[in-house]
Each structure stands twice: as C-alpha cells, then as structure tokens.
C-alpha cells in the first residue's frame, strides 16, 4: 500500500509541476459568488472579498486540482478577520474525502488564539499539529499566512517571518478524490466573516518562502514596491506625505565620549575667497633701533637743464677792485685849435 501511495505521490508531483499554483479565489469564482462583497484590500489599489457566513465555498477536488493534491505543497493566504470572527473557530482551507471526512486543513481556534494543521497519516488516523504564538492573526489587521508542507516538516510563516516548525508523518498519499473548501465555518456558527485578498495553493513547498509581503503596510510602515533580490521578493519602501510633527521628547542622557576617529585625508584646495575690507589703522609702533650705516652710493647721472629762473634782486655794492696793470701808450691825438692871445 505504501508503494502505491509513493507511486501516486511521484505521479501527482510530476503532473502538478505543469501547473504549479492554483488561485482559489479564481477557482471558486469568489468575485462572482452571491453573498460575497467587494471591500478595500491591504492597499488603496488592492481588492479583497468579504465572504458572507451564509455562503458555502466548496468544490470537487478534480475541479480545483486536476492532478490531485500532492504530498508536498504550500498554502498562501492574505486575509483579515473581523472582530466577531476572531472569537470563533473556522477553517481557512480544508480537503475532505467523498464521505465528508476531513483529510487535511488549517483551522483557526478563536478561544485559544492558535492555529491547527490537521492531516491524515499514511495509516488513516487523524493527526493534529497546533501552532501557538500566532495571536497577531486575530487582531483584525491584514496579515499573510504561508504554510510549507515538505517531507517530515510543516513550517508556518506569518508576514514573511517563520514562526514555527512541526514534525509530521510521511509519506502522505496524493489526494485525488473528495472536496475542498475555503472559509468554512463550524456547523453551529453562522457569524464567521473573513476578508480574503489572496488564497493560493502551490505544488512548490518553497513558494511559502519566496512570497513577498510588500502588500502589507506593516512591512514599511506605509506602502512598498515589489522588487526581486537573489531570487526572492523584496520590498522597496515608499514614503508618504510627512505627518504632523509630534511633541518634543524628553531630554536624553549625555552619551559617553566617542572613540577618536582616523585622521582624515588632506582635502583639495578651496576656491579663493573674496578680498576682505581694509582694517583699522593700528597704533604707532615703538621707535626702532638705529640701523647700520649704509655704503656710499654711486654718482648719479646728470640731470636735464632746468628752466631759467626769475630775475634776482639787485645785489649789494661790490668792494674796490685791485689797481689795474698799466696799459699800452695811446694813439697821437688830433692837432688842437689855435689858442687866443691874452693882452
């Protein structure tokens, strides 16, 4: 019997790889179903659907999973529970046999704020693994749940963070017959109402780890864009409008002196600054010491003839000159006139 189950598991996984993921919102035709209301999603542009408690979302296995549910898979859901639903017990996802016996599923326990993963062992007995520490899923905010079932481990991630790992039995046979349901309430409870934005089952158990959470405002404290880094979705946070300035906080304690930093490299020459204004004239300094006598300078060049000066004042009478040298004899003079006879 185990050999047959293993053969079915290999066959189911091989065929499942042709269609690795199943969008359950589309498979169940949730947007067109009566009793489903369109609501705002986790972001302004996102669309979600509020499932009315009166609606029963159930399909045959062959309608949703043509090759059956493989032994290894991922379940991924982005959702928000209402305040009333947070106190109830309900199944987010479930698979049952043709007689209605539960085979595998995820059940929220509102009274204990825990999450149950139940499955059928290879020997036909019902098995249960309970995840604790998942209280945030019941707080009425948007969250992303990702469950990875692979080999002997089942791992739970909430908002892209692994929160718990449990051991399970293997091998588990491929489930081909029966029914599958989403957001299934207990028979006694009709007040379950859940907002669904994403509901997906993938044949790849690692997809639970490759999914990003950029659609959740808690990732960045605002909204984000999706990018890919090393094969995994990552978020680039987008800043919104600045909020109102908060009140000043209390004065902090004085910090310890920091360690001296390394000596910085010599910087480039800066641009020459503008010439500054003239400063005030300083006080007269003290008289300096007598300098050393300088050497005799060279004779200067003749200067140009200057302009004639103004007429000077009449000088004083000069002193008597020396007796001159006797001059040469003069020429014979002319004969004089005849003189008169005196009687």
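The values are calculated or read from the model by the stated rules, or taken from the named source; none is laboratory data. As the structure is a computational prediction, the values presented were derived from the model and not from experiment. Reconstructed Cβ throughout: ideal geometry from the backbone, glycine too, with neighbour counts over all protein chains shown.
Table for the structure above
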quantity	calculated
Odd one out for residue 98, checked against (1) touching a residue at least 60 places away in the same chain (Cβ under 8 Å); (2) in a loop (DSSP other than H, G, I, E, B); (3) closer than 23 Å to residue 150 by Cβ	(3)
Qualifying residue in the range 172-187 (condition: surrounded by fewer than 14 Cβ atoms within 10 Å (Cβ to Cβ) and within 30 Å of residue 37 (Cα to Cα))	yes
Residue list for the range 139-158, filter: out of contact with any strand residue (DSSP E or B) (no Cβ under 7 Å at 6 or more places or on another chain) and assigned to a strand (DSSP E or B)	150
From 64, 104, 95, 81, residue being closer than 24 Å to residue 153 by Cβ and touching a helix residue (DSSP H, G or I) at 6+ places or on another chain (Cβ under 8 Å)	95
Among (1) surrounded by 20 or more Cβ atoms within 10 Å (Cβ to Cβ); (2) at pLDDT below 95; (3) touching a strand residue (DSSP E or B) at 6+ places or on another chain (Cβ under 8 Å) - the single one residue 104 does not satisfy	(2)
Residue count for the range 195-211, restricted to those that are modelled with pLDDT of 90 or more and in a loop (DSSP other than H, G, I, E, B)	4
When residues of the range 37-61 are limited to those that are over 33 Å from the mean Cα position of the chain (by Cα) and assigned to a loop (DSSP other than H, G, I, E, B), the one modelled with the highest pLDDT	57
Residue 55, sole failed condition from (1) in contact with a strand residue (DSSP E or B) (Cβ under 7 Å, 6 or more places away or on another chain); (2) crowded, with 16+ Cβ neighbours inside 10 Å	(2)
Sole exception among (1) within 25 Å of residue 91 (Cα to Cα); (2) surrounded by fewer than 12 Cβ atoms within 10 Å (Cβ to Cβ); (3) modelled with pLDDT under 80 for residue 29, by number	(3)
Selection from the range 109-144 of residues that are within 20 Å of residue 192 (Cα to Cα) and under 33 Å from the mean Cα position of the chain (by Cα)	134, 135, 136, 137, 138, 139, 140, 141, 142, 143, 144
Selected residue (only one of 166, 170 is farther than 22 Å from residue 60 by Cα, over 34 Å from the mean Cα position of the chain (by Cα) and touching a residue at least 60 places away in the same chain (Cβ under 8 Å))	170
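Okay, residues lined up against (1) modelled with pLDDT under 65; (2) more than 23 Å from residue 83 (Cα to Cα); (3) out of contact with any strand residue (DSSP E or B) (no Cβ under 6 Å at 6 or more places or on another chain):
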site	(1), (2), (3)
160	no, yes, yes
177	no, yes, yes
184	no, no, no
227	yes, yes, no
